[in-house]
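Just below is one structure, and these are the notes that go with it.
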Amino acid sequence: MATIAVTAEPASTAGCDVLVVGAAAASGGRGPTLVVDNDLRALRSLSDSLRQLGMSGAVDEVVKVPAPPGTAATVVLVTGLGEPRRHFDPETLRRAAGAATRALAGTDRALLALPTTTAADVEAVALGGLLGGYTFNRFRVRSATDRPDGVRRLLVACGLDTRTARTVVARARTIATAVCLARDLVNTPPNVLTPRAFAEIAVQVAAGTDLSVTVLDDKALRKGGYGGIIGVGQGSANPPTLVRVAYRHPKATRHLALVGKGVTFDTGGISIKAAAGMERMKSDMGGAAAVLAAMTAITRLRPAVNVTGWAPMAENMPSGTAQRPSDVLTTFGGRTVEVLNTDAEGRLLLADAMVAAVADAPDVLVDVATLTGAQQVALGARTGGIMSNDDTLRSRIHQAAQAVGEAMWPMPLPEELRKGLDSAVADIANADGARLGGMLSAGLFLREFVPAGLPWAHLDIAAPAFNPSAAYGYTPTGGTGITVRTLLQVAEEMAAGRL
């Protein structure tokens, strides 16, 4: 990740290789309008050149041009801000900065001189710039030179006092580090990121922090009665684990529990998936990655709330020892589940971990999972779903996601779908076999494992956890790290008494 600092020096004289400025879209096809301070008024002469180059100022547009006389940089990169506004919102600034740094891979030093007037603006520019510079080159050897690392040094131009500026940039770096950890975990191939390897990483990232980590291996899971996790993982040569990560604050009066689905690779098991697109199933631990990453940010930013993160980890493989359709599992806590579809495995992991999380007596329970293909059908590739047994909690989590720029949308839990989960031989079935409403029926299944009166929310991020298409804004191709920032925001909202 790039180093990052702030500067109060005029952007025209600050030393850098590339100067990044913003341009808003102008009406009537007149080309973009540069949004720069008077210090950079020499750049306004570039408007005609930008128009001739076809730039409109739309979001995610970037154009590089030689720097005109009067600037210390050699290159100016213009990034689109979209419709002109008196004050650009933080997400617009994040995306503009991210699009710019994506285009600057291999650059040594870049100065982000985007329009900022508040501390939130500066944090947005810093965070977008850091996230846009993300690369994942760990497994490149001969092709390493084909994919240069991101920009090495970022400067953010702003007029804030030095102490405030440094504080918000440090916060941005903490959050970016957490999001990039989640991205790295999702992008790591499944022969490397096994359930045991994930647990080892959790121990490593917690070292030197206030986080405490407990790992249950497969023997402990069997002894403890975690039938859902064991059932999913029993077909694999890589045994399952359950990772518990705890953060405690001395002034906390409330407790948040986070549970993330961690299927390190999902073939579907005996109910095997089609081959096309199965390689994406290395991302089926995106919920666990988000929870672990959020915990690393929480322990560094120290909100006054206790938080416990749970990551049930397994690999869902077909073999002679794999669970079969019609098997009955006894989950942690004693409820029995008839397995009608072994590809509906994530909810079995979550059921065990959620009941374990409830034993810690949290005030709020949130689970995050790449759970259903139906989520993508309902909400598309970039938007996750929020389901809850509490309307207020669902609304507050939606607001938290909006505040940090993560696309999530409230969804219902229709009671009429619950009957489809009835089993002829067990307490409940893990799938209803219906073609419609799969995301919602999965949420109803999970609700069965939440005690009455405990506010709970379920975030289905099956599609937005992994971007198989072209990068955009500060979002790369591959693992996105979605919900890390939302989970952090939820923890901070609870600490402040707003949730």
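Quick grid of which residues meet (1) over 24 Å from the mean Cα position of the chain (by Cα); (2) small (Gly, Ala, Ser):
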| residue | (1), (2) |
| --- | --- |
| Arg109 | yes, no |
| Leu114 | yes, no |
| Val125 | no, no |
| Gly129 | no, yes |
| Ala144 | yes, yes |
| Pro148 | no, no |
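Can you name the helices (runs of 4 or more DSSP H) wholly within region 191-296 that have at least 3 residues being touching a residue at least 40 places away in the same chain (Cβ under 8 Å)? Working first, answer last.
Values: elements: 195-206, 218-224, 227-233.
In region 191-296, the matching helices (runs of 4 or more DSSP H) lie at 195-206, 227-233.
Could you say which residue among Thr135, Thr101, Thr118 is more than 24 Å from Leu40 (Cα to Cα), modelled with pLDDT of 95 or more and in the same structural domain as Val75 (by TED's automatic domain parsing)? Let's see the steps before the verdict.
Details: Thr101 fails: more than 24 Å from Leu40 (Cα to Cα); Thr118 fails: more than 24 Å from Leu40 (Cα to Cα).
Only one candidate passes the filter, namely Thr135.
Out of Thr79, Thr101, Thr71, which single residue is hydroxyl-bearing (Ser, Thr, Tyr) and under 18 Å from Thr477 (Cα atoms)? Step through it out loud before you land on a result.
Values: Thr79 fails: under 18 Å from Thr477 (Cα atoms); Thr71 fails: under 18 Å from Thr477 (Cα atoms).
The conditions single out Thr101.
Quick test of your reading of the structure: Pro250 fulfils all but one of (1) under 25 Å from the mean Cα position of the chain (by Cα); (2) farther than 30 Å from Leu329 by Cα. Name the failing condition by number.
Of (1) under 25 Å from the mean Cα position of the chain (by Cα); (2) farther than 30 Å from Leu329 by Cα, only one is false for Pro250: (1).
Here are Leu454, Leu417, Leu446, Leu459: which of them is touching a residue at least 12 places away in the same chain (Cβ under 8 Å), surrounded by fewer than 22 Cβ atoms within 10 Å (Cβ to Cβ), in contact with a strand residue (DSSP E or B) (Cβ under 8 Å, 6 or more places away or on another chain) and not aromatic (Phe, Trp, Tyr)?
When all the criteria are applied, what remains is Leu454.
Of everything in region 43-57, what is exposed (fewer than 15 other Cβ atoms within 10 Å of the Cβ) and not polar (S, T, N, Q)? Give them in sequence order. Even if it seems obvious, please write down each step before you answer.
From region 43-57, those exposed (fewer than 15 other Cβ atoms within 10 Å of the Cβ) are 44-45, 48, 52-54; that's our starting set.
Answer for region 43-57, where residues must be exposed (fewer than 15 other Cβ atoms within 10 Å of the Cβ) and not polar (S, T, N, Q): Arg44, Asp48, Leu53, Gly54.
Residue by residue, here is whether (1) in contact with a Leu (Cβ under 7 Å, 6 or more places away or on another chain); (2) surrounded by 24 or more Cβ atoms within 10 Å (Cβ to Cβ) holds:
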{"position": "Ala361", "(1), (2)": "no, no"}
{"position": "Asp367", "(1), (2)": "yes, yes"}
{"position": "Leu379", "(1), (2)": "no, no"}
{"position": "Ser388", "(1), (2)": "no, yes"}
{"position": "Met411", "(1), (2)": "yes, no"}
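From Thr74, Thr7, Thr33, grab the single residue that is of a type in the set (Ser, Thr, Tyr) and farther than 24 Å from Asp89 by Cα.
Every option except Thr74 fails the conditions.
When both residues are 6+ apart or on different chains and their Cβ atoms are under 7 Å apart, which pairs have a first residue that lies in region 114-142 and is basic (Lys, Arg), and a second that is in a loop (DSSP other than H, G, I, E, B)?
Every condition considered, the pairs that remain are Arg140/Arg147.
For every residue, the table says whether it meets (1) farther than 16 Å from Val156 by Cα; (2) at pLDDT below 90; (3) part of a loop (DSSP other than H, G, I, E, B).
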{"residue": "Cys16", "(1), (2), (3)": "no, no, yes"}
{"residue": "Ala23", "(1), (2), (3)": "yes, no, no"}
{"residue": "Asp39", "(1), (2), (3)": "no, yes, no"}
{"residue": "Ala42", "(1), (2), (3)": "yes, yes, no"}
{"residue": "Ser49", "(1), (2), (3)": "yes, yes, no"}
{"residue": "Gly54", "(1), (2), (3)": "yes, no, yes"}
{"residue": "Gly57", "(1), (2), (3)": "yes, no, yes"}
{"residue": "Val65", "(1), (2), (3)": "yes, no, no"}
{"residue": "Leu77", "(1), (2), (3)": "no, no, no"}
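Of these, Met439, Met494, which one is aliphatic (A, V, I, L, M), part of a helix (DSSP H, G or I), surrounded by 15 or more Cβ atoms within 10 Å (Cβ to Cβ) and touching a Ser or Thr at 6+ places or on another chain (Cβ under 8 Å)? I'd like the intermediate steps shown before the answer.
Working: Met494 fails: touching a Ser or Thr at 6+ places or on another chain (Cβ under 8 Å).
The match here is Met439.
The values are calculated or read from the model by the stated rules, or taken from the named source; none is laboratory data. Owing to the predicted nature of the structure, the values given are computational and were not obtained by experimental measurement. Note that we place each Cβ from the backbone using ideal geometry, even for glycine, and neighbour counts take in every protein chain shown.
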